[in-house]
1. Note down the magnitude of the dipole of the range 74-135 about its Cα centre, charges +1 on Lys and Arg C-beta and -1 on Asp and Glu C-beta and zero elsewhere, to the nearest 20 debye.
2. Could you do me a favour and compute the accessible area per residue for the range 84-143, 1.4 Å probe, result in Å²?
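The values are calculated or read from the model by the stated rules, or taken from the named source; none is laboratory data. Keep in mind the model is a prediction, meaning the values are calculated, not measured. Cβ sites come from the backbone with ideal geometry, for glycine too, and all protein chains shown count toward neighbours. Side chains are part of the model used for accessible areas, which takes the heavy atoms of the whole protein and leaves out ligands, DNA and RNA. Shrake-Rupley method; radii C 1.70, N 1.55, O 1.52, S 1.80 Å.
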Amino acid sequence: MMDYWRSAIRQQFHAAIDMLANAIKACPDSVWSGESRFHPPPPFGLTELEPDVVLPAPAYGKDELLGYLEHCRKKLDAVMAGMTEVWAANPCPFPYREMSNGELLLYNMRHVQHHAAQLNMLLRQAIDSAPRWVSRGGQKIKP
């Protein structure tokens with residue numbers, strides 16, 4: 001049964017990463033550098049632009065983020081290859097997250113999908129286009 005869950009979680013996590021990568025690649029440079037023009041629909045706001053929030057300076061480039069996603073894919077594959085029931089049930093190593101390692105995997109998958117959705121919304125607003133949904137990712141396992 002562990003092989004089933006290992007495979008399912010890995011494929012869905014890769015799909016979330018693929019969706020974020022697709023959105024980054026689809027984003028025209030004019031939209032990428034013009035994010036300050038983004039205005040989400042009410043009742044949402046731009047709290048990340050408030051004075052108390054520290055943003056990265058300068059903004060990360062598309063190639064930098066795509067490189068980071070490749071690093072994340074490799075880390076995910078290594079974690080999933082070694083995942084056991086005991087490891088999944090153990091507490092995650094971050095004291096500010098009171099959850100198991102297994103739940104942390106799902107939490108991180110949701111986090112990646114959140115950013116993919118943000119960028120897809122920006123693309124829809126700016127160019128009325130966004131990449132398609134990825135049903136399953138990570139089909140090719142590199143040795």
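1. Dipole about the Cα centre, nearest 20: 220 debye.
2. Details: 4600 Å² over 60 residues.
It amounts to 77 Å² per residue over the range 84-143.
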